[in-house]
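Undergrad: Below are the structure tokens for one structure; questions will follow.
The values are calculated or read from the model by the stated rules, or taken from the named source; none is laboratory data. Note that this is a predicted model, so its numbers are computed, not measured. Cβ placement follows ideal geometry from the backbone for every residue including glycine, while neighbour counts extend to all protein chains displayed.
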Amino acid sequence: MSAKTPDAERRVHAMRELLVERGVVDDDVDRQIGADASRSWQQGARLVSRAWVDPAYRQRLLTDAKAAARELDVDADAIKEFVVLENTEEVHHLVVCTLCSCYPRAVLGDPPAWYKSEAYRSRAVREPAAVLAEFGWEPPEQMRIVVVDSSADRRFMVLPRRPRGSEGMSEADLRGLVTRNSLIGVGEPRPVADA
Amino acid sequence: MASRPEQPARFAVGDHVAVVERPGERRHVRTPRYVQGAVGVVTGVHGPHLDPERLAYGLDGHPPVWLYAVQIPLAQLFPDGACRPGDVLAIDLYEHWLRPADEVGTTRTERVPD
């Protein structure tokens, strides 16, 4: 810290020292942040591709996502309640946190910057179809959009629809079709031709 | 999840509920302003939870409160026509933020979903 250190940074530093000094947090916070940083949405892609090839697993993922994640060595325990929402031909889920940036970090890692932006947080609930179109996908007219506002104890991941024409593909190849955006519901997985 | 609340769940799946309005609220709450006053339908009962609005102030979160999934038509929340007619919001709300819809003379009740 020098006299040139910006005020905000000095304040953060002071706050951190106080939190540690008074025992509100300990060094475990650093460890936890490190663990979170090592996590990636690729873990979510593994859960999805397994669900696409294994209907019984898909059912377990939808009824007890935490246990189903554990089966694939994905540790979702840091999330109080982990819920997977299935997109179908009738219903498309799109996840937002209008209050802050709630996100299933233990599974998907850090949210993308836009997820925390005021524009996404306010527009996702007001005009979801327009937001989806800007992300490059227009939901068909008959498809109902369910905007899921994560404002409480539960954290959500989307199980996207399996792409058309992917019937013969292996689980590993299917994993390559899953995108981070499709796990948040702001897009579809890659079409098969792009894989 | 938490220990059992003293009261059983007040609402069940299918119940029409109105979200309490607290326009002057300055404390941290978990019910966004844009759903306050809206009317929706309970789609899930998620059991008793420690009250996050008490936890936020260093309290122990007791007594636990029931948590519900509630769906509200987006057109009711934002009547300016930007959303499509069938689109809905799904949001988790704590019991102290909900009232039976028929007890509340809200101006939005005419748009209660079926």
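Undergrad: Could you grab me the full set of residues in region A:78-99 that are part of a strand (DSSP E or B) and not hydrophobic (A, V, I, L, M, F, W, C)?
TA: A:GLU81, A:GLU86, A:HIS92, A:HIS93, listed by residue number.
Undergrad: Here's a follow-up. For region B:13-42, what are the residues that are buried (at least 16 other Cβ atoms within 10 Å of the Cβ) and not in a loop (DSSP other than H, G, I, E, B)?
TA: Once the filter is applied, which keeps residues that are buried (at least 16 other Cβ atoms within 10 Å of the Cβ) and not in a loop (DSSP other than H, G, I, E, B), region B:13-42 yields B:HIS16, B:VAL17, B:ALA18, B:VAL19, B:TYR34, B:VAL35, B:VAL39, B:GLY40, B:VAL41, B:VAL42.
Undergrad: How many of the residues making up region A:120-161 are in contact with a helix residue (DSSP H, G or I) (Cβ under 7 Å, 6 or more places away or on another chain), at pLDDT 95 or above and under 26 Å from A:TRP52 (Cα atoms)?
TA: The qualifying residues number 8.
Undergrad: Something else: So, in region B:64-87, exactly how many residues are touching a Lys or Arg at 6+ places or on another chain (Cβ under 9 Å) and surrounded by fewer than 18 Cβ atoms within 10 Å (Cβ to Cβ)?
TA: The qualifying residues number 6.
Undergrad: Here's another thing I want to ask about it. Go through (1) in a helix (DSSP H, G or I); (2) more than 9 Å from chain B (Cβ to nearest Cβ); (3) closer than 18 Å to B:PRO85 by Cα and name the single condition A:GLU138 misses.
TA: A:GLU138 satisfies every listed condition except (1).
Undergrad: What are the residues in region A:66-89 that are more than 21 Å from A:ALA35 (Cβ to Cβ), more than 10 Å from chain B (Cβ to nearest Cβ) and touching a strand residue (DSSP E or B) at 6+ places or on another chain (Cβ under 8 Å), if any? Explain how you work it out, then say what you get.
TA: Initial filter on region A:66-89 (more than 21 Å from A:ALA35 (Cβ to Cβ)): A:83-89.
With more than 10 Å from chain B (Cβ to nearest Cβ) added as a condition, the list becomes A:84, A:86-89.
Result: A:VAL84, A:GLU86, A:ASN87.
Undergrad: Taking the criterion of being at pLDDT 90 or above and assigned to a loop (DSSP other than H, G, I, E, B), would at least one residue in region A:41-63 satisfy it? Let's see the steps before the verdict.
TA: Just the residues of region A:41-63 that are at pLDDT 90 or above, to begin with: A:41-63.
Right, trim to assigned to a loop (DSSP other than H, G, I, E, B) and you get A:41, A:54.
Within region A:41-63, one or more residues are at pLDDT 90 or above and assigned to a loop (DSSP other than H, G, I, E, B).
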